[in-house]
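FYI, it's all coordinate maths here, none of it is from the lab. Quick caveat, the model's predicted, so the values are computed rather than measured. With ideal geometry, Cβ positions are generated from the backbone for all residues, glycine too; neighbour counts draw on all protein chains shown.
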Amino acid sequence: MPENSWRLFIGCFVQSEALREYYHRLKTACSPWSRAKWVAPDQLHFTLAFLGEIPRSHLPELLQPLAPILHEYASPIVLRGVGVFPNWRAPRVLYIGVENPGGVLQGVYAILRDSLLAAGFTPAEKERSFVPHVTIARLKELHHADRFRKALRPYAELVFDTLPSFQPVLVRSILTPEGPLYSVISPELPAA
């Protein structure tokens, strides 16, 4: 990736000791039945908008409409249940669901999308509906699909944790052979 262009997304990192404990249990339960690339526990997050490759010279015009949105929201986030994308017949992504009973997250998402579109930035996932989730593993291969599903059954509706708030941030993602590296971009960051 050229240094004059950054791979960016807007997301919320999930800091939860309870989730870390469950993460290791899930990994242990799934490992005999699948080959997967697990997201590092300190990198767990949910994405509000993936922007793709953005020239660094465009950061000021991106950050201006985002600045009022990128702050903490005192609205609980519930991490509940596991699921897969695209479906259980051919799972490629293992995730934990994200719920926001007060609906603030959906409102922030709508404002964020409108602000990005008004500023001329189109989120890459424009054709899909917003389904907040924390990706925990990318599944490469299933050794035994039925046993994999059975191993996950106890976690289907489990509440892993409830967090008191969430905070969207602009994140730079650098792809490496070991997995992506994330760094938060400050709204005050100069574009130079």
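Worth a mention:
- Residue list for region 57-70, filter: surrounded by 15 or more Cβ atoms within 10 Å (Cβ to Cβ) and either in a helix (DSSP H, G or I) or in contact with a Phe, Trp or Tyr (Cβ under 9 Å, 6 or more places away or on another chain) (or both): His58, Leu59, Leu62, Leu63, Pro65, Leu66
- Every listed requirement among (1) closer than 24 Å to Ser173 by Cβ; (2) surrounded by fewer than 12 Cβ atoms within 10 Å (Cβ to Cβ) is met by Leu112 save one, (2).
- Meets criteria (over 28 Å from Lys150 (Cα atoms) and crowded, with 18+ Cβ neighbours inside 10 Å) for Ala119: no
- Subset of region 1-56 that is assigned to a loop (DSSP other than H, G, I, E, B), aliphatic (A, V, I, L, M) and touching a strand residue (DSSP E or B) at 6+ places or on another chain (Cβ under 7 Å) - its residue that is nearest to Arg149 (Cα to Cα): Val39
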